[in-house]
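The values are calculated or read from the model by the stated rules, or taken from the named source; none is laboratory data. All values reported here derive from a predicted model rather than from experimental measurement. Cβ coordinates were reconstructed from backbone atoms using ideal geometry, including for glycine residues, and neighbour counts include every protein chain displayed. Heads up: the accessible areas ignore ligands, DNA and RNA and are worked out on the full protein's heavy atoms, side chains in. Shrake-Rupley method; radii C 1.70, N 1.55, O 1.52, S 1.80 Å.
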Amino acid sequence: MASGTAPDAAPPCCPSRRTALAAAGAVGAVFVTGCAGDGGSGDGDSGALLARTSEIPVGGGKIIKDRKIVVTQPVAGDFKAFSAICTHQGCTVNRIANGLIECPCHGSRFRITDGVVTAGPAPRPLPAEAIKVSGGNIVRA
């Protein structure tokens, strides 16, 4: 190291370690911010038609992939909605059977009544989504 040169100094052609780390942090912040809305929250989607009540079987449900929502009907006339994004590693659930919402990636299962985990590795329930039943339509609340 040359005398009078700071330990973090870099040759003129290259960024310093501090500059490179700051840039990497900024890129990470932009990436995280850009993906924040991908969890199925549906902000700004109030009133959007999700399904017709006739499409949701009693004791089952329907996955609306483009909206990242699962709508279920645990008992006749009682409709629930949850994020379709598994709380383990963000896979989209793909099946509803035997009163459970299933994730294909690592086998997590969630109850259609409340989104609670019945089989891991998912660490948390599926987040509830606000819906409204109006006539024969199910819309985002």
### Message
List the residues, sorted by chain then number, that are 5 or more residues from residue 59 or on another chain and whose placed amide H is less than 5 Å from its amide H.
### Response
73, 75
### Query
Efficiency by 1/(1 + (r/R0)^6): what FRET value for residue 78 and residue 105, r their Cβ-Cβ distance, R0 = 22 Å, to the nearest 0.05?
0.15
### Task
Calculate the spin-label point distance for residue 132 paired with residue 48, positioning each point 7 Å from the Cα along the beta-carbon direction, and give it in nanometres.
1.6
#### Entry: Bins of 10 Å from zero: percent of alpha-carbon pairs in region 53-141
20, 56, 22, 3
### Message
Rounded to the nearest percent, how much of the accessible area of region 56-111 (1.4 Å probe, protein heavy atoms only) is carbon and sulfur?
### Response
44
